[in-house]
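Student: Questions regarding the structure given below will be posed in turn.
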Amino acid sequence: MTTLSDAAKADLHRYLQEARDALLWKLEGLSEYDVRRPLTPTGTNLLGLVKHATGVELGYLGDTFGRPSGEPLPWLAEGAEVNADMWAGPDETRGEVVALYRRAWAHADATVEALPLDTTGTVPWWPADRARLTLHHAVVRVIADTSRHAGHADILREHLDGATGERPGATSLPSADPAWWAAYRSRLERAAREAAERTDRATR
């Protein structure tokens, strides 16, 4: 018989896996340069988001519950360069980064399967006075973090080549016609300018 805890775990895993898949899909079909190059003033890049998400999963759903993965993560070691988890060096291949992320999934999923959701762990990098949290809290935190970065990746990919959507064939967008989008964007631009002009007149 399926218990409430089993059902809750299934729901949590479903949404976590959807976010994971969306994040990886944003790499597909892109060149080595495009998956790595900085696309915002703070250097956000697609492969770096995957590398960061790997550390998040292994930390919150591994080390926190006394289940270290054994995977070497030199970019998170003491003395590592600041922000080293947010980009991949030329010696780190896309295949290696993606494979490590998939191994992190497997390790995290094994933790969730093995432990009750009310299991308490300790986050090693949090202040000691608030470092305790439940597995349920940790999974929700990882879902939130992964979904946030999948959203970042969605926007980065759209700026690169116009590709959009959560997964192939499921864009949730009202049209695939570039002309429709050009007209839509122009309408939004006009509305924004009109609102700004109206506000400017009202405050004179």
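Student: Just from the alpha-carbon atoms, what are the Rg and Dmax of segment 1-74 in angstroms?
Tutor: Rg, Dmax (Cα atoms, Å): 15.9, 52.
Student: Contour minus end-to-end for THR42 and ARG167, with contour as 0.36 nm per residue of separation and end-to-end as the Cα-Cα distance? The partial results should precede the final answer.
Tutor: On the way: separation 125, 0.36 × 125 = 45.00 nm, distance 2.64 nm.
Extending this stretch completely gives an extra 42.4 nm.
Student: Which distance in nm do the two modelled labels at ALA195 and ARG67 give, with both placed 7 Å along the Cα-to-Cβ direction?
Tutor: Spacing of the two 7 Å Cα→Cβ label points: 4.5 nm.
Student: Rg to Rh for the chain: what is it, with Cα atoms only and Rh by Kirkwood?
Tutor: Rg divided by Rh gives 1.06.
Student: Right, here's the next one. Sum -39500 (n - 2.57) across every DSSP H segment of at least 4 residues in the chain, then divide by the residue count to get the 222 nm mean residue ellipticity, nearest 500.
Tutor: Mean residue ellipticity, 222 nm, calculated: -19500 deg cm²/dmol.
Student: Rounded to the nearest whole Å², what accessible area per residue is found for segment 123-204 with the 1.4 Å probe? It would help to have the intermediate numbers written out before the result.
Tutor: Values: 5940 Å² over 82 residues.
For segment 123-204, the per-residue accessible area is 72 Å².
Student: Run the accessible area of the chain with a 1.4 Å probe and give the carbon-and-sulfur part as a rounded percent.
Tutor: Working: 6820 of 12290 Å².
Here it works out to 56 percent.
Student: With every protein chain left in place, what is the accessible area per residue of segment 1-76 in square angstrom, probe 1.4 Å?
Tutor: Value returned for segment 1-76: 48 Å² of accessible area per residue.
Student: Then there's this: From the phi angles alone, apply the Karplus equation (6.51, -1.76, 1.60; θ = phi - 60°) to segment 195-201 and give each ³J(HN,Hα) in whole Hz, x where the residue is Gly or Pro.
Tutor: Each residue's phi maps through the Karplus curve to give 5, 5, 5, 5, 5, 4, 5 Hz.
Student: Hey, what does the equivalent ellipsoid look like for segment 70-170, semi-axes from the Cα gyration tensor as sqrt of 5 times each eigenvalue, largest first, whole Å?
Tutor: On the way: eigenvalues 149, 81, 43 Å².
Result for segment 70-170: semi-axes of 27, 20, 15 Å.
The values are calculated or read from the model by the stated rules, or taken from the named source; none is laboratory data. Computed from a predicted structure; not experimentally measured. Please note: Cβ atoms are built from the backbone with ideal geometry, for glycine as well, and neighbour counts cover all protein chains shown. These accessible areas exclude ligands, DNA and RNA; they are computed on the full protein's heavy atoms, side chains included. Shrake-Rupley method; radii C 1.70, N 1.55, O 1.52, S 1.80 Å.
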